[in-house]
1. Which shape class applies to the stretch 68-113: rounded if a/c is under 1.5, otherwise prolate when a/b exceeds b/c and oblate if not, where a ≥ b ≥ c are the square roots of the Cα gyration tensor eigenvalues?
2. If you average 1/r across every pair of different Cα atoms in the stretch 1-40 and take the reciprocal, what Kirkwood value do you get, in Å?
3. Averaged per residue, what accessible area in Å² does the chain show with a 1.4 Å probe, protein chains only?
4. Using alpha-carbon pairs under 8 Å, 6+ residues apart, how would you state the relative contact order of the chain in percent?
5. Can you show me the helix-derived [θ] at 222 nm for the chain, built from DSSP H runs with n ≥ 4 at -39,500 (n - 2.57) apiece and divided by the number of residues, rounded to the nearest 500.
6. Can you tell me the orientation of helix 71-81 relative to the chain, as the angle in degrees between its alpha-carbon axis and the longest Cα principal axis, to the nearest 10?
7. Please express the shape of the stretch 18-63 as an equivalent ellipsoid: the semi-axes are the square roots of 5 times the eigenvalues of the C-alpha gyration tensor, given largest first in whole angstrom.
8. To the nearest 20 debye, what charge dipole does the chain have about its Cα centre, counting +1 at the Cβ of each Lys and Arg and -1 at the Cβ of each Asp and Glu?
Amino acid sequence: IAPWRSVYKNRLFTDTEFTFALTSGGHNGGVVSEPGHAGRRLRIATHTPDDLYQSPDAWAESAASRAGSWWPEFAAWLDAHGTAEPGKPPSLGARSAGLPPLDPAPGTYVLQP
């Protein structure tokens, strides 16, 4: 968990579309728990690369607070930015460096007591 104002400043390090969501309720209440809990609130806004940077407090004033969970917003973002078919996972090991995989996934360590 990190102070939200510090996390918001990540926008300074991107040159792409940036969506920031701020939830109420702390880690378990605001982030982990599923939608449908009474009292949940969020602020969310998307900025383009051409938008001027706003301080965290100015952003909080401009992003209207509304009832609900961030999960439906995230699901919609995934639908808009994802693909219909999952990509092929990368091959294991680094064969070009002479490092073949030791065992098939998930590896033998998961069988250790």
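1. Working: a/c = 4.23, a/b = 1.95, b/c = 2.17.
In terms of gyration-tensor shape, oblate.
2. On the way: mean 1/r = 0.0852 Å⁻¹.
For the stretch 1-40, the Kirkwood estimate is 11.7 Å.
3. Details: 8620 Å² over 113 residues.
Each residue of the chain exposes 76 Å² on average to a 1.4 Å probe.
4. Values: 96 pairs, mean separation 25.5, N = 113.
Reported relative contact order: 23 percent.
5. Working: 3 runs with 23 residues, N = 113.
Using -39500 (n - 2.57) per qualifying helix, the result is -5500 deg cm²/dmol.
6. For 71-81 against the chain, the angle is about 60 degrees.
7. Details: eigenvalues 121, 22, 14 Å².
They are 25, 11, 8 Å, listed largest first.
8. Details: 9 positive and 11 negative charges, 64 e Å.
Using Cβ point charges on Lys, Arg, Asp and Glu, the chain gives about 300 debye.
The values are calculated or read from the model by the stated rules, or taken from the named source; none is laboratory data. Please read these numbers as outputs of a predicted model, since none were measured by experiment. FYI the Cβ positions are ideal-geometry reconstructions off the backbone, even for glycines, and counts take in every protein chain you see. Side chains are part of the model used for accessible areas, which takes the heavy atoms of the whole protein and leaves out ligands, DNA and RNA. Shrake-Rupley method; radii C 1.70, N 1.55, O 1.52, S 1.80 Å.
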